[in-house]
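Everything on this sheet refers to the single structure shown next.
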Amino acid sequence: MSLMDWSKYRESLMGRIGELGKLSPDSVGGYMMASGAGAKTGHLNEKTRQLISLAVAVTTRCDGCISVHSQKAVENGATKDEIAEALGVAIAMNAGAALVYSARALDAVDAAK
């Protein structure tokens, strides 16, 4: 059972982004330039970039990003095991961020005394 129809969602999203591109071409063009910049250096292969993108998509809670980068990861040869490992990094990073911000909260509590 799937939580949602990711293909239909991705298709609808791309249509809306296309519409936004017509209304604000520089905004979408700027995103496209930034999105493709890493590939130009050639230090990481596309599969690795997509695994990183998918992990970041999870940490930023971006369903559209998850939809696009999960498809691209699979298209570039990422296995389900590799994707699960990348998602494990995302889980750890979110837990780490909560840990760091918990320390900050305690600091704020101490400052409030």
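A short reminder: the numbers here are calculations on the coordinates, not readings from a lab. Predicted model only: the values in this text are computed from it and were never measured. Ideal geometry is used to build each Cβ from the backbone, glycine not excepted, and the neighbour counts take in all protein chains shown.
Pairs of lysine residues in the chain that meet both criteria, 8 or more places apart or on different chains and Cα atoms under 28 Å apart, total 11. Just checking the listed ones, Met93, Met33, Met14: in the Gaussian network model of the chain with Cα springs under 10 Å, the one fluctuating most is Met33. Under the combined filter of DSSP loop state and at most 14 neighbouring Cβ atoms within 10 Å, segment 62-113 retains none of its GluC sites (Glu not before Pro). Working note: 222 nm ellipticity from helices only, DSSP H runs with n ≥ 4, each -39,500 (n - 2.57), summed and divided by the residues of the chain, gives -28500 deg cm²/dmol to the nearest 500. Only alpha carbons enter this Debye calculation for segment 6-112, each as an equal point scatterer, and the log10 of I(q)/I(0) it gives at q = 0.10 Å⁻¹ is -0.41. Across the chain, the mean sequence separation of Cα contacts (distance under 8 Å, 6 or more residues apart), normalised by length, yields a relative contact order of 23 percent.
Summing charges over all other residues whose Cβ lies under 15 Å from the Cβ of Gly36, with Lys and Arg as +1 and Asp and Glu as -1, gives +2.
The GNM of the chain, with springs linking C-alpha atoms under 10 angstrom apart, assigns the highest mean-square fluctuation among Lys72, Lys80, Lys47 to Lys80.
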